[in-house]
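As structure tokens, the structure follows; a few thoughts come after it.
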Amino acid sequence: MVNITDITPPRSRSASASTTSSDVALPSFESLAPPRPPTTKAEEETRVVVEGLGSDVRLKVDAGPGCGGIAWPAGEVLSRYIAYRHGIDPSHLRNKKILELGSGTGLVGIVAGMLEPSSEVWVTDQSMLLDLMEVNAELNFPASQTKRNVHTAELNWGEELPDSIPIKDLDMILAADCVYFEPAFPLLVKTLCDLAPIGKDIEILFCWKKRRKADKRFFAMLKKHFNQFTVEDDKPGAKEVYGREGVSLSRLVRKK
Ligand SMILES: C[S@@+](CC[C@H](N)C(=O)[O-])C[C@H]1O[C@@H](n2cnc3c(N)ncnc32)[C@H](O)[C@@H]1O
């Protein structure tokens, strides 16, 4: 039995296994969290309040396609941080090309796109999450809007990067709650290296929740290629609040 204290996010219910790019079964929620009554129905719509956004984020959650089908705490922390920072200095997102890894519901990328219409955002995940990300992107951008600035794409960590995304032009990578499954650790590090080759000027915001001792192995692998800096310019008091829940937010910089 895996020894962790809390992995169940606010809107979760138990779910079936997911897969990585190598078709290795991801652990079910049951193996990660103590059983508890479901809090959502499949394909339930919820709303996430992010201070600084003109409207709530409408989010379909569906545990069917795997753990990414619900919103996780680190995703909400990262969403709130980019919104807070955008309120102070919109240039961080203005005209930026942004990619989110392991986006799940699409929450963080959708927030980035809603905050700054001049940005172009790609929310990415494994194929089984594509429909949910697409539904959520549609929900949050009026049908009358001629050009949606949030796009969806399949991106399997460790594999070739998709041609549909202008990888060389990316300015920012977002990743929330992507450290939880050991076989995927080297795959995620490889993708981060591919997206941020040595010498490229790109901001990487990486938010995660401490769960298991094994997670340290991910950070040991990451350290070979990236320096990690704790984000210090979040809203005053925010770090202390999410820190108490084991959530951390870092900026990654590729080593020369
Ligand atoms: C815990 S969920 C976090 C989802 C979302 N970022 C959030 O914070 O709510 C982890 C996400 O990583 C994705 N993931 C896991 N292994 C992956 C892989 N090999 N390639 C791409 N995405 C993967 C899952 O599909 C899932 O959406």
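Worth a mention:
- DSSP-defined beta bridges in segment 29-254 - what % are antiparallel, rounded to 5: 45 percent
- Net charge, TRP208 excluded, C-beta distance under 12 Å - Lys, Arg +1, Asp, Glu -1: +2
- Of ASP177, ASP234, the sequence from fewest to most neighbouring Cβ atoms within 10 angstrom is ASP234, ASP177.
- As a proxy for reagent exposure, LEU139, LEU93, LEU187 were ordered by neighbouring Cβ count within 10 angstrom, fewest first; the result is LEU139, LEU187, LEU93.
- Packing-based ranking, highest mean first, of 104-111, 190-197, 68-75 given that Cβ atoms within 10 Å are counted: 104-111, 68-75, 190-197
- Fully extending the segment from LYS213 to GLU182 would add 10.1 nm, taking 0.36 nm per residue of separation and subtracting the current Cα-Cα distance.
- Pairs from the table (LYS60/LYS216; LYS200/LYS239; LYS209/LYS235; LYS60/LYS255; LYS147/LYS235; LYS168/LYS255) lying more than 30 angstrom apart at Cα are LYS60/LYS216; LYS60/LYS255; LYS147/LYS235.
- Inter-label distance for PHE229 and ALA143, nm, one decimal - labels placed 7 Å from Cα along Cα-to-Cβ: 4.6 nm
- Aspartates and glutamates whose Cα lies under 13 Å from that of LYS97, excluding same-chain neighbours fewer than 8 positions away: GLU116, GLU120, ASP169, ASP171, ASP201, GLU203
- Three-way shape label, segment 40-189, alpha-carbon gyration tensor, a/c 1.5: rounded
- Placing a label point 7 Å from the Cα of ASP194 along the Cα-to-Cβ direction, the residues of segment 121-160 whose backbone N falls under 15 Å from that point are 124-127, 153-160.
- Restricting segment 155-244 to GluC sites (Glu not before Pro) that sit in a DSSP loop and have at most 15 other Cβ atoms within 10 Å of their own Cβ leaves GLU159, GLU160, GLU232.
- Centre-to-centre separation between the Cα atoms of segment 132-207 and those of segment 51-124: 11 Å.
Every read-out reported here was derived from the displayed coordinates using simple, explicitly stated rules and does not represent laboratory data. Here the structure is a predicted model, which means the values were calculated and not measured. Because the Cβ atoms are built from the backbone with ideal geometry, glycine has one as well, and the counts that use them run over all protein chains shown.
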